[in-house]
1. Evaluate region 88-107: report whether one residue or more is surrounded by 17 or more Cβ atoms within 10 Å (Cβ to Cβ), farther than 25 Å from Pro154 by Cβ, modelled with pLDDT of 90 or more and not charged (D, E, K, R).
2. Would you point out the residue of region 193-214, among those that are hydroxyl-bearing (Ser, Thr, Tyr) and without any contact (Cβ under 8 Å) to a residue 60 or more places away in the chain, that is farthest from Ser233 (Cα to Cα)?
3. Is it true that Trp173 is surrounded by 20 or more Cβ atoms within 10 Å (Cβ to Cβ), touching a Ser or Thr at 6+ places or on another chain (Cβ under 8 Å), touching a residue at least 40 places away in the same chain (Cβ under 8 Å) and among the aromatic types (Phe, Trp, Tyr)?
4. Hey, any hits in region 180-197 for a residue that's buried (at least 21 other Cβ atoms within 10 Å of the Cβ) and not in a loop (DSSP other than H, G, I, E, B)?
5. Residues of region 1-31 being more than 22 Å from Ala229 (Cα to Cα), modelled with pLDDT of 70 or more and among the β-branched types (Val, Ile, Thr), which ones?
6. Regarding region 142-155, can at least one residue be identified that is buried (at least 16 other Cβ atoms within 10 Å of the Cβ), in contact (Cβ under 8 Å) with a residue 60 or more places away in the chain and closer than 22 Å to Asp205 by Cα?
7. Taking strands (runs of 3 or more DSSP E) that do not extend beyond region 78-153, which have at least 3 residues that are aliphatic (A, V, I, L, M) and at negative phi?
8. If you go through region 87-94 one residue at a time, do you hit one that is touching a residue at least 40 places away in the same chain (Cβ under 8 Å) and not hydrophobic (A, V, I, L, M, F, W, C)?
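The values are calculated or read from the model by the stated rules, or taken from the named source; none is laboratory data. Please read all numbers here as calculations on a predicted model, not as lab measurements. Counting neighbours? That spans all protein chains shown, and the Cβs are built from the backbone with ideal geometry, glycine included.
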Amino acid sequence: MDPDRANAKPTCLTDTFEGKQRCAAWSPDHQRWAFIEAKPGASRIWMQLRSGGKLLIGACPDTAQDLTWGNAETLYYTYTAFGRNGAIQVIRKLGAFTGRSKDLLSGSVESHPSWNGRRLIWARARQGLSWEIWSASEEGNDPRPLIGGNCAEPSWSPDGSRVAFSSNQSGGWEIYVTDAASRYSNRLTTSPKGGYSRHPSWSPDGSRIVFQTNVIPQNQALAPVPGLAWIPSGGGKAIRILEEAAKPAW
């Protein structure tokens, strides 16, 4: 859909698939996207080209979610594994053209990986502690905390200098942007009571952030169902662009 047109009509890109499609993610060059086709016992990850061609990357657990690209040939996603100590959330690396996979990080609740060409970031919830944003190498080595304060759903800016994320440190879930070098954070959204803003995704040029919200920014009223809005990444007025929508990918 066109993000510059309010209530623009979305176009269905995956109407030939059988299962439910979720977690769409654009490649770094925006020439193809990947998504999860969710079918009980037969979930799969696909890649589709702008030209219309499609490629089956491989099978995935039914609990797979948070699909995102690393470099042009790598994807990351999370899934739930069950062991003697209960369920844990695992980050898995997947070859977009080889289908080969490797589990990187586990042991806590790991979610929403994002890669900027140098460091992988993700949200981690350790037992008894609030959500934090951590970073590691491409292979999951050298993990270290990056942003604290009950933060989740991180997303690197296209130039790798800033991180957008959601946090409820003010009481409700809002969108923030942090400079990775200085660690200075800027809160972008302010929702009325009962409102929330989550799942930020950057525009390709880094000037805007689209997010899911149940707030109508024009009058700060609550919408009956969540939709999408975008806001300048440096702060400013948010514009609601789509009704009835889930996690966005720009």
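1. Taking every residue of region 88-107 in turn, none turns out to be surrounded by 17 or more Cβ atoms within 10 Å (Cβ to Cβ), farther than 25 Å from Pro154 by Cβ, modelled with pLDDT of 90 or more and not charged (D, E, K, R).
2. Pass one, region 193-214, residues hydroxyl-bearing (Ser, Thr, Tyr): 196-197, 201, 203, 207, 213.
Imposing the further condition that a residue be without any contact (Cβ under 8 Å) to a residue 60 or more places away in the chain reduces the set to 196-197, 201, 207, 213.
Values: Tyr196: 18, Ser197: 14, Ser201: 10, Ser207: 5, Thr213: 16 Å.
By that ranking, first place goes to Tyr196.
3. Numbers: surrounded by 20 or more Cβ atoms within 10 Å (Cβ to Cβ): yes; touching a Ser or Thr at 6+ places or on another chain (Cβ under 8 Å): yes; touching a residue at least 40 places away in the same chain (Cβ under 8 Å): no; among the aromatic types (Phe, Trp, Tyr): yes.
Criteria not met by Trp173.
4. Scanning region 180-197 turns up at least one residue that is buried (at least 21 other Cβ atoms within 10 Å of the Cβ) and not in a loop (DSSP other than H, G, I, E, B).
5. Thr14
6. No, every residue in region 142-155 fails to be buried (at least 16 other Cβ atoms within 10 Å of the Cβ), in contact (Cβ under 8 Å) with a residue 60 or more places away in the chain and closer than 22 Å to Asp205 by Cα.
7. Here the list reads 86-95, 120-125.
8. Yes, the conditions are met somewhere in region 87-94.
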